[in-house]
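Peer 1: Provided herewith is a single structure, encoded as structure tokens, for subsequent inquiry.
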Amino acid sequence: MTWQLVVSAFALMLIFEGLGPALFPRKWRSYMAQLATTDERALKIIGIILIAVGALLFHFIQSL
């Protein structure tokens, strides 16, 4: 894995993270308020699922 790949992945993450507030600021704010009241355990489970899906997708793409 090269630094170029890592920086490219980080740049794409920033682009995707910025789409919500840029395109749908009201819905994004509402979603963030709802997220702030979500149970910690549920947030941890969601985070673990996202990590697993991301790792599997990354592995799949790298094996092509």
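Peer 1: Output the qualifying pairs, or none if there are none: Cβ atoms under 9 angstrom, residues six or more apart or on different chains, first residue in region 38-64 and aromatic (Phe, Trp, Tyr), second residue surrounded by 10 or more Cβ atoms within 10 Å (Cβ to Cβ) and not in a loop (DSSP other than H, G, I, E, B).
Peer 2: Every condition considered, the pairs that remain are 58/9.
Peer 1: Follow-up. List every residue pair whose Cβ atoms sit under 7 Å apart, with the two residues 6 or more apart in sequence or on different chains, where the first one lies in region 12-26 and is at negative phi and the second, anywhere, is at pLDDT 95 or above.
Peer 2: These pairs meet every condition: 20/28; 21/28.
Peer 1: Moving on to the next point. From the set of residues in region 6-39 that are charged (D, E, K, R) and part of a helix (DSSP H, G or I), which is farthest from residue 57 (Cα to Cα)? I'd like the intermediate steps shown before the answer.
Peer 2: Kept after step one, since they are charged (D, E, K, R), are these residues of region 6-39: 17, 26-27, 29, 39.
Now drop any that are not part of a helix (DSSP H, G or I), which leaves 17, 26-27, 29.
Values: 17: 18, 26: 31, 27: 28, 29: 29 Å.
Taking the candidates together, the pick is 26.
Peer 1: I'd like to know if region 39-60 contains one or more residues that are under 22 Å from residue 2 (Cα atoms) and exposed (fewer than 10 other Cβ atoms within 10 Å of the Cβ).
Peer 2: Looking through region 39-60, at least one residue is under 22 Å from residue 2 (Cα atoms) and exposed (fewer than 10 other Cβ atoms within 10 Å of the Cβ).
The values are calculated or read from the model by the stated rules, or taken from the named source; none is laboratory data. Bear in mind that the values here come from a model prediction, so they are computed numbers and not experimental data. Every residue, glycine among them, receives a Cβ derived from its backbone with ideal geometry; neighbour counts consider all protein chains shown.
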